[in-house]
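The values are calculated or read from the model by the stated rules, or taken from the named source; none is laboratory data. Treat the numbers as computed from the prediction; the structure is a model and nothing was measured. Counting neighbours? That spans all protein chains shown, and the Cβs are built from the backbone with ideal geometry, glycine included.
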Amino acid sequence: PSTPVKVTVTGAAGQIGYALLFRIASGQMLGPDTPVELNLLEITPALKAAEGTAMELDDCAFPLLRGINITDDATKAFDGVNVALLVGARPRSAGMERGDLLEANGGIFKPQGEAINAGAADDVKVLVVGNPANTNALIAQSHAPDVPAGRFTAMTRLDHNRALAQAAAKLDIGVDEISKMTIWGNHSASQYPDLFHAMADGKSIASQVDQDWLENTFIPTVAKRGAAIIEARGASSAASAANAAIDHVATWVQGTPEGDWTSAAVVSDGSYGVPEGLISSFPVTSDGTEWSIVQGLDIDEFSRGKIDASVAELGEERDAVKQLGLV
Ligand code: NDP
């Protein structure tokens, strides 16, 4: 058996962590031939709960699971890490200003970026799930100067999957009949799910639905789906978020299929007018190692306005964390 891949999950005792760890350990993220070692990072008061999750992981007797380490020390958690899933974040509490939220998260993602810089394996891949995910990823990335910036990503795959599901239901087709879906911008209410490039039955999906549905039903349904789930379930969308994290990493390591792409927030190289350095969602392909932004797509005026608005929000978040000295 090969050397296990070291996977670190932060916020491991939380809801998403609980939905995520069992799937990683069973091989659904890295494949049925890849043994894994799990590092669970938690804040001190949640260590005991993380131990409980680890007991359950033991009790699954997963053949691929070669070890579990639980710690509240980021340096230990990221030592030798190959895949880092940064799930734990400071949630916005009632009355909290955005600046306070960004500052609290800076206190989490700055030291984690530093610990990744100091100890991660050369091939480390980082996915930030904890919100505000794009800007948290930017904070971590800017404190890891020795790690190629492209290794830091933030999750928009859940938004992507939600867009696939909504479009498939509208067209009454399977999600697997849709290709080239894209989420642009920030993982926030300003995100832009793009049906102009998404294809079904050889045609753009935008050409098969009316603009009113696209603008006034599809986009807000995708963007506000998290709130709708909280409203319905009385709890946040942890299982689908964990599923999307699994999808993101699985696509990264397996590569995207020929003729298709996916969505991920990656460091901008200036493509599509997104300022260089912002971590923004794009149509991306993976060759199994690196993400590349799909180039050369025509952006119509409607899409341009939506992308610009979401990217402007990311710029404001970057300015705010800059002012706080976090990037
Ligand atoms: P969850 O596991 O439900 O969520 C964790 C993070 O994922 C939140 O920032 C949440 O954002 C975000 N998220 C992204 N997409 C989604 C989605 N679709 N649905 C729901 N959440 C989404 O939170 P819990 O409170 O259950 O658990 C968090 C854990 O993290 C706790 O155990 C806490 O102790 C830990 N923690 C660990 C840290 C560390 O390891 N250093 C630091 C901070 C916290 P949003 O808040 O916007 O929903």
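For the reader, a short list of remarks on this structure follows.
- Consider the stretch 227-244 and keep the residues that are within 6 Å of the ligand (Cβ to nearest atom) and either outside any helix (DSSP H, G or I) or touching a Ser or Thr at 6+ places or on another chain (Cβ under 9 Å) (or both). The one that is nearest to S26 (Cα to Cα) is S237.
- Cβ separations smaller than 8 Å between residues 6+ apart or across chains give the following pairs from the stretch 104-127 residues that are within 13 Å of I139 (Cβ to Cβ) to residues that are of a type in the set (D, E, K, R) and surrounded by fewer than 16 Cβ atoms within 10 Å (Cβ to Cβ): N117/D146.
- Put simply, of G80, G67 the only residue that is in contact (Cβ under 8 Å) with a residue 40 or more places away in the chain, part of a strand (DSSP E or B) and within 20 Å of K6 (Cβ to Cβ) is G67.
- Residue, modelled with the lowest pLDDT, within the stretch 1-15, restricted to residues that are within 21 Å of V253 (Cα to Cα) and outside any strand (DSSP E or B): P1
- From A140, A167, residue being touching a Lys or Arg at 6+ places or on another chain (Cβ under 8 Å), part of a helix (DSSP H, G or I) and either buried (at least 20 other Cβ atoms within 10 Å of the Cβ) or of a type in the set (V, I, T) (or both): A140
- Residues that are of a type in the set (D, E, K, R), part of a helix (DSSP H, G or I) and within 21 Å of the chain's Cα centre (by Cα), drawn from the stretch 271-308: K306, D308
- Extreme residue, nearest to R98 (Cα to Cα), among residues of the stretch 265-320 that are touching a residue at least 60 places away in the same chain (Cβ under 8 Å) and of a type in the set (K, R): R318
- Number of the condition not met by F196 [criteria: (1) of a type in the set (F, W, Y); (2) in a helix (DSSP H, G or I); (3) over 30 Å from P148 (Cβ atoms)]: (2)
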